[in-house]
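Notes to accompany the following structure.
Quick note: the coordinates plus some simple rules give every number you see, no bench work behind them. Being a predicted model, the structure only gives us computed values, none of them experimental. Virtual Cβ from ideal backbone geometry, glycine too; neighbours counted across all protein chains shown.
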Amino acid sequence: MRVLMLLGLLYASVAVWADDSPPVARVNEVPISQFRLERYFADYLQAQGRALTSIRSPSLYKRLREQALDELIDKELLWQEAQRRGIEVSDTAVARHIDQLRQAFGSADVFARRLAEAGFDEPGFARYTRHELVAQQAFIQLSQVAEPDEVQVRAFQQTLLAEANPGSSSAVQGEQGLAVAKQLLHEHQQTEARQALLKRLRDKAAVERLEPR
């Protein structure tokens, strides 16, 4: 992870714990603040290789901002579901993750200074890190799918062969192609499971958007 992305993480995360700006949404009565969205939006654009100043279209700006808010809502839903299910991460995992970030900044002093500039002390950042890791763990655990069986894989391989153009059909033929088909099918099923999980969480949640769409 690049250092600029880490800076975005630090400045975005302070909003979770020390922000009294107006809410832009509520997830089961838990607010997502305007400040938190603004910071996350900047990080969201950076992850896509975009700069805020390069967006000239108001409609594009609005769409991207809504997508960033959607991600924040999903993060909050996953955190809340993890709390209900008792999903946790160990102190060791939290410490290891923070140590990786510290090393990415080059020195403990620089890391501590950046934390302070973002309004964090180390215990506060550890709480935020645990929040993020637990949400990620919930996403992984609750959307796991078993590997497809041979019948499913062979049927999927035939679908790939039917859809492939003559120049690329060899990539999914034979036993090697069967392995490729298995990997692609499993990835497809995993993506569907993750989408289904988020849909279930959204459908049963009370999500209130306070910004016009």
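Here are some notes:
- With Cα atoms, 0 to 90° folded angle of helix 122-142 axis to the chain main axis: 20 degrees
- A viscosity of 0.692 mPa s and a temperature of 37 °C, combined with the Kirkwood radius over Cα pairs in Stokes-Einstein, give a translational diffusion coefficient for the chain of 164 µm²/s.
- Selected from Leu198, Leu178, Leu78 as most flexible by GNM, with the chain as the system and alpha-carbon contacts under 10 Å: Leu178
- The angle between the Cα long axis of helix 108-117 and the main principal axis of the chain comes to about 70°, on a 0 to 90 degree scale.
- Charges were assigned to the Cβ only: +1 to each Lys and Arg, -1 to each Asp and Glu. The resulting dipole of the chain about its Cα centre is roughly 500 debye.
- Computed from Cα atoms, the angle from the helix 58-85 axis to the main principal axis of the chain rounds to 90 degrees.
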